[in-house]
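Here is the structure we will look at.
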Amino acid sequence: MSESSDKPPISVNPGQWSFTRWKTIGQLEALEVHHPLFQATVFLQGAHLSHFSPRDEANWLWLSDLAKFQPGRAIRGGIPICWPWFGDPARNPPAIRSHIKTTSAHGFARTALWRLEDVRESAHEVEISLSLNANDDFAEHWTGHALALATFSFSVKSCQIALTTTNLSRNPMSISQALHTYLPTQDIARTRLLGLGNSQYVDTLRDWEYFNQEGPVYFEGETDRIYETGEPLIVVTPSGKRKLTSVGSDSTVVWNPGLEKSRRLSDFPDTGWQKMLCVETANAAADYRVLNDGQSHTLGVVIGRA
C-alpha cells in the first residue's frame, strides 16, 4: 500500500473530515476510516467494502491474500456488489435476461467506478455514500437505466450496507442482486450457519433442484445454494458468532468453493476455502425485483455481534 493520496473527493470537502482519508491501494482509490472506535476501507471501484473492524479486533470480513487492486478487476473478498444482475445471466428469469447483453456473471457494478456522494462523521458513527448512474455508458452490458446508491454505516457495534436502486427509465426494469459478503473462519469444517432450518433452497450443484434444509448448514465441500428466506442468520465459527440481519431480501446465497474450485478461481489461495464462507444478502432466483418508472428498492444487511 502506498501513502495516503491527496486526491480531492468528487463532491464533498475533505477539510470537514476528522476520521476519513483518501488512500491509494494498488492502482485503486479508496476511503480509509480511522475512527477511535473502528476502522473501515471502501473502494470507489465497485463501492467495495474490504475491511471493517472495531478497535483492537481483526477484520470482520475475509479478504484474499492474493487480491489484486486493479482497474476493471473485481476484488476477491470483502463485500462485492453484484448488480444489476446476480450470477450467470442464463440462469436469471427471462425478465432480467431481456436486459442483459453479455455473458458475464454478477453484473458490472463491482468493476465500475462509483461517485462519492457524502461522508458524514460523528463521535460514534461514520457514514459513506457512493452512487452509480447506470446510463448509456453501460449500453454494451444492458439496456436499462438506473441509479444505484450504496450507503455504508459504521459503528463500534455493527457495519451496515444499504443498496438502493431507482429505475430512471420509462419502462419496467427487473433486477437480481447480492451483497456478496465474504466472512472469515479459522476452520470451515467447524463452522455452521444458523437460521435457515426448515427453509427451501435451490442447489446449483445438483441441477438447480429444490431441497429442504433441516437444522444448521454445515460445510462439507463445495457449497452453492440459494435459500428462500430473509430471516436473521447467525454464523458460528471457532472464534465466535456474527449476526446478519437483512432488509429488502427474501433470498440468501450460501457459498464456499471447496478444494477443487478454489484451484480454478482467480486471486484465490488453493487452501483459502478452509478459511472463508459467503453468506450473501440477495434478491436472487424467484426473489428478483421489478421496478416501475421512478420506483426504488433497497437491499441491505447489518453485520453485528450475535
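Applying the criterion of at least 2 residues that are of a type outside the set (Ser, Thr, Tyr) and surrounded by fewer than 16 Cβ atoms within 10 Å (Cβ to Cβ) to the strands (runs of 3 or more DSSP E) found wholly in the stretch 144-231 leaves 200-203, 209-212. For the structure I just gave you, tell me whether Ala67 is more than 15 Å from the chain's Cα centre (by Cα) and at pLDDT 95 or above. Here the answer is yes, as Ala67 does meet what is asked. Between Lys243, Lys275, the distinction of being under 17 Å from the mean Cα position of the chain (by Cα), more than 29 Å from Ser174 (Cβ to Cβ) and either at pLDDT 95 or above or of a type in the set (D, E, K, R) (or both) belongs to Lys243 only. Within the stretch 268-288, being outside any helix (DSSP H, G or I) and touching a Gly at 6+ places or on another chain (Cβ under 8 Å) holds for Met276, Thr281, Asn283, Ala284.
From the set of residues in the stretch 232-262 that are within 25 Å of Ile161 (Cα to Cα) and out of contact with any Leu (no Cβ under 9 Å at 6 or more places or on another chain), which is surrounded by the fewest Cβ atoms within 10 Å (Cβ to Cβ)? Among residues in the stretch 232-262 that are within 25 Å of Ile161 (Cα to Cα) and out of contact with any Leu (no Cβ under 9 Å at 6 or more places or on another chain), the one surrounded by the fewest Cβ atoms within 10 Å (Cβ to Cβ) is Gly240. The set of residues in the stretch 263-294 that are of a type in the set (S, T, N, Q) and touching a Pro at 6+ places or on another chain (Cβ under 7 Å) contains only Asn292. For residues in the stretch 126-143 being of a type in the set (D, E, K, R) and touching a residue at least 24 places away in the same chain (Cβ under 8 Å), which is surrounded by the most Cβ atoms within 10 Å (Cβ to Cβ)? So the residue we want is Glu127.
The values are calculated or read from the model by the stated rules, or taken from the named source; none is laboratory data. Quick caveat, the model's predicted, so the values are computed rather than measured. So basically every Cβ, Gly included, is an ideal-geometry build from the backbone, and we count neighbours across all protein chains shown.
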